[in-house]
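Step one of this worksheet: look at the structure below.
The values are calculated or read from the model by the stated rules, or taken from the named source; none is laboratory data. Values in this document were obtained by computation on a predicted structure and should not be read as measured data. Cβ placement follows ideal geometry from the backbone for every residue including glycine, while neighbour counts extend to all protein chains displayed.
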Amino acid sequence: MHKKFKLLLLAVALLTLAVRTTIPVLAQNPTGSIRGTVTDQQGAVILNATVTATSKATGDARKVTTGSDGIYAIENLLPGEYDVKVEAQGFATQNITSLVVQTGSTTSGDASLRAGGAGEVVDVVAEAPIIDKIFPQSRFKSSRSRRSASTYRPA
């Protein structure tokens, strides 16, 4: 009887360990999102604007509408490049191309629409910031003063 109890206790401990190690794996989210605010040229929010994000890799499209605060969110997007189209009645359509969505992060997709008629389109190309790894700008200033070579005298 004592041996069966040890075996049952071992089985419960192994099952508990297996469940505890797999739950964090299930909680990881392999997707990203695009969020933004749609405004007019004066900065006033545009409600009920239609925002469509289309994956360049798969062609899948997701469509949402801005709320009363002009904010939209397109969640659970697979990583990759997306073209975003923003449309609102009385405004020119704005296309934002090549927005990059990364796993676990939110990409900004703010749009400023200008007044225009139906069929008018404004294209905006999103680019990643360029990081100079060779000559990064340092926050630290040199302790040496900058003097011309003719006035420099060693101490």
- [ ] Give the residue that is surrounded by the fewest Cβ atoms within 10 Å (Cβ to Cβ), with candidates limited to residues of the stretch 75-102 that are closer than 16 Å to Asn48 by Cβ and of a type in the set (Val, Ile, Thr).
- [x] Thr93
Open item on the list: Name the single residue that is farthest from Leu113 (Cα to Cα) among those in the stretch 57-74 being loosely packed, with under 14 Cβ neighbours inside 10 Å and of a type in the set (A, V, I, L, M, F, W, C).
Closed with: Ala57
- [ ] Would you mention how many residues in the stretch 85-112 are part of a strand (DSSP E or B) and touching a residue at least 60 places away in the same chain (Cβ under 8 Å)?
- [x] 7
Task: Enumeration of residues in the stretch 34-73 that are under 14 Å from Asp110 (Cβ atoms) and hydroxyl-bearing (Ser, Thr, Tyr) - done: Thr37, Thr39, Thr66, Tyr72
Task: Complete set of residues in the stretch 6-43 that are at pLDDT 95 or above and hydrophobic (A, V, I, L, M, F, W, C) - done: Ile34, Val38
- [ ] Check every one of the strands (runs of 3 or more DSSP E) wholly within the stretch 29-84 and list those with 1 or more residues that are among the aromatic types (Phe, Trp, Tyr).
- [x] 71-77
TODO: Kindly provide the set of residues from the stretch 29-47 that are of a type outside the set (Gly, Ala, Ser) and either under 19 Å from the mean Cα position of the chain (by Cα) or within 15 Å of Gly67 (Cα to Cα) (or both), ordered by number.
DONE: Asn29, Pro30, Thr31, Ile34, Arg35, Thr37, Val38, Thr39, Asp40, Val45, Ile46, Leu47
